[in-house]
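What follows is a short report on a single structure.
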């Protein structure tokens, strides 16, 4: 109980660390959450655009309306750096300038060059197909009056290729869940490991250690108590994250089989994180080294395993390197759970393989930890 | 000068602090570099793979086949077996399946999940359908892109890492100042009862920390420029200058943490790291769009966030030159450093202890 009370006191002093990483988790997921949650049909991705209509004709209005219908248009002041910033930081993918005389030229069947600002992302490519489709169709009716072209174009554009979603899953909701649980890799490896290390290292200080060595309490019992405290902290943190997930992702997704598998995945990663933190406090005595290692592991693994950047952006040799990290298998499982529909042996095979790698790494850390602990226990 | 030399010697004797403070950003930027070395290729469009299922009874399939040959934006292949193709779709080897009904029915697109690539395929398919429906061949549209991204997306990450390195240097400042504080170290107690000017000691500690930080950042720059070969363009001197200002903000932060928080050394390190990571998060380290979201929703937050000021300074300098925006960032950074330094001095002044 003494160990627990002391542990709790240290955790209370550093509770802000856990709060901070939790805030990051919620904000990150909120910013990256998918629209159209609960949607079981095809929902077209809406790239973000900005439209500046200098023409004001019937046709330019129809084009602007068409773009607004198919994209997420943003009102961004065109003066200053705001527009460049928005393109640079990918807040806007595509900016369309409809020049004066656009409608007139189209009506006459003349070429009308459209000025755009594109950040060359997939979103900008998508925006371009939307703009060019409207203009191509409109031009095909020329020569004709602007009003007629506008109405004929709008009528023809109502025809779209029918799309059927093969899956019956709430893919948008699961995509948000994937973001949330992927970012949890960072929150757990930084926040939880940080909190555990801080609390545990308090018992490893030279003076405290000396006092413990001369006390009647065995080194093994202290270690066991600390392990229990660490587990309680981990369970508490995981519970908070799961409850927050209910708000960020939605209960229907969390309580689906896929959602529950993501929760299970996070539990397995948390067990790994607890063993990692415990080993770290046994191996590293200096605080600076501890902080640097935690940051390198949490940020580094999150970057190269595809938390902060999509995995397809990561080069092959880095992906090969990432295979040595349990985070890779945790994130791969989240990716699988986001689309998994059949829960048979064939489909669950890769999942079980990923679980076994993380569990194997945890067991390895526990073995190393017990060797180090025994060695340190003998040192007294 | 002599005091400065000895202080530097003491600081560099703390090998663990020096190694990790210097090595941490170097290791991290190397990982960033590795993770982002493919980012330009990722930005380039690659045609989505789709499979069209053959149907002899479809009258539109031959028309589509002819059109597909001319469309570079789609990578279309033809298969007979729907079930096998569906498995490919479920494994996400392909983006979609196009099925043709009998006679003149327009094809249907089957996808596994919603997404950008799937929407692109649907858009292209729609355009083909519209062309067939209207019975006209659409002319190409002239589109002129007047925006040129002169920097890769990865630069945002490098900027935020430089900002992090500047603020992380606060740890050196905290450690150095803690040595002079009577409530923190034994040497601080000795200094408190000695006849030496405390102001001088504190000043020397701060100068030592700043020099140490600059040495660490110089090593980071050498790594960035000569090993990773990251190009900052013609504004490199400005980037280095801004980093020196950033180091000053880091030093001020370290001083503030040391003076304002009467907690153990470990906790001070935790506060510095936590604050730095939070600042970096809001400045876009974990996702560039976060900075723009904060800039749009809570602009004041990033005006007092040293990491965001630094990343914005680097960005504006390398994109628009040393204009008003860059200098505003520099001034705000200096104001941040000045304000928290004044608060630190206020806290540190006339500290007396009855017992320790």
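Every read-out reported here was derived from the displayed coordinates using simple, explicitly stated rules and does not represent laboratory data. What you see is a predicted model; the values in this text were computed from it and never measured. Positions of Cβ are backbone-derived with ideal geometry, glycine not excepted, and every protein chain shown enters the neighbour counts.
Key figures
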{"item": "The stretch A:109-123-the stretch A:48-86 distance, computed between alpha-carbon centres (Å)", "result": "12"}
{"item": "Residue order, fewest to most beta carbons within 10 Å, for B:65, B:13", "result": "B:13, B:65"}
{"item": "All-pairs alpha carbon distance profile, chain A, 20 Å steps from 0, percent", "result": "23, 42, 24, 9, 2"}
{"item": "For the protein assembly as shown, share of DSSP beta bridges that run antiparallel, in % to the nearest 5", "result": "25"}
{"item": "Inter-label distance, nm, simple model (7 Å from Cα along the C-beta direction), residue B:93/residue B:260", "result": "5.9"}
{"item": "Computed [θ] at 222 nm, deg cm²/dmol, chain A (DSSP H ≥ 4; -39,500 (n - 2.57); rounded to nearest 500)", "result": "-22000 deg cm²/dmol"}
{"item": "Modelled FRET efficiency - R0 25 Å, residue B:5 with residue B:183, Cβ distances, 0.05 increments", "result": "0.40"}
{"item": "The stretch A:164-282 - Rg and Dmax from Cα coordinates, angstrom", "result": "18.6, 72"}
{"item": "Mean-position separation - Cα centroids, the stretch A:1-24 and the stretch B:167-202, in angstrom", "result": "28"}
{"item": "Alpha-carbon gyration tensor eigenvalues x 5, square-rooted, for the stretch A:265-340, Å", "result": "25, 16, 9"}
{"item": "Förster-model FRET efficiency, 56 Å R0, residue B:104 and residue A:74, C-beta, rounded to 0.05", "result": "0.85"}
{"item": "Enclosed volume per residue, in Å³, of the convex hull spanned by Cα atoms of the stretch A:48-156", "result": "84"}
{"item": "Mean Cα-pair separation over length for chain B, i.e. relative contact order, pairs under 8 Å, 6 or more apart, %", "result": "17"}
{"item": "Chain B: Cα Rg divided by the 2.2 N^0.38 Å rule of thumb", "result": "1.45"}
{"item": "Ranked list, fewest to most other Cβ atoms within 10 Å of each Cβ, for A:225, B:139", "result": "B:139, A:225"}
{"item": "Hull-based mean projected area of the stretch A:306-361, where the convex hull spans the alpha carbons, in square nanometres", "result": "4.1"}
{"item": "Within the stretch B:49-64, backbone nitrogen closer than 17 Å to the virtual label 7 Å beyond the Cα of residue B:70 toward Cβ", "result": "B:60-64"}
{"item": "Label-reachable residues, the stretch A:268-311, where backbone N falls under 14 Å from a point 7 Å from residue A:371's Cα toward its Cβ", "result": "A:283"}
{"item": "Chain B, helix-only ellipticity at 222 nm - DSSP H runs n ≥ 4, -39,500 (n - 2.57), divided by all residues, nearest 500", "result": "-21000 deg cm²/dmol"}
{"item": "Inter-part distance where the stretch B:210-275 and the stretch B:42-111 are each reduced to a Cα centre, Å", "result": "54"}
{"item": "Fewest-first ranking of A:347, A:70, B:223, A:323, using other Cβ atoms within 10 Å as the exposure measure", "result": "A:323, A:347, B:223, A:70"}
{"item": "Debye log10 I(q)/I(0) at q = 0.11, 0.16 Å⁻¹ for the stretch A:223-380, Cα point scatterers", "result": "-0.52, -1.06"}
{"item": "Ratio Rg/Rh [Cα only; Rh per Kirkwood] for the stretch B:45-134", "result": "0.93"}
{"item": "Cα-projected label distance for residue A:260 with residue A:228, points at 7 Å along beta-carbon direction, nm", "result": "3.0"}
{"item": "DSSP-defined beta bridges in chain A - what % are antiparallel, rounded to 5", "result": "35"}
{"item": "Estimated D of the protein assembly as shown in µm² per second, where Rh is the Kirkwood radius over Cα pairs and Stokes-Einstein applies at 10 °C, 1.306 mPa s", "result": "55"}
{"item": "The stretch B:107-155: C-alpha gyration tensor shape, a/c 1.5 cut-off, then a/b vs b/c", "result": "oblate"}
{"item": "Between helix A:15-32 and chain A: long-axis angle, C-alpha atoms, 0 to 90°, nearest 10", "result": "20"}
{"item": "Percent antiparallel among DSSP beta bridges (both partners in the stretch B:45-134, rounded to 5)", "result": "30"}
{"item": "Rounded tilt (10° steps) of A:287-304 against the dominant C-alpha axis of chain A", "result": "40"}
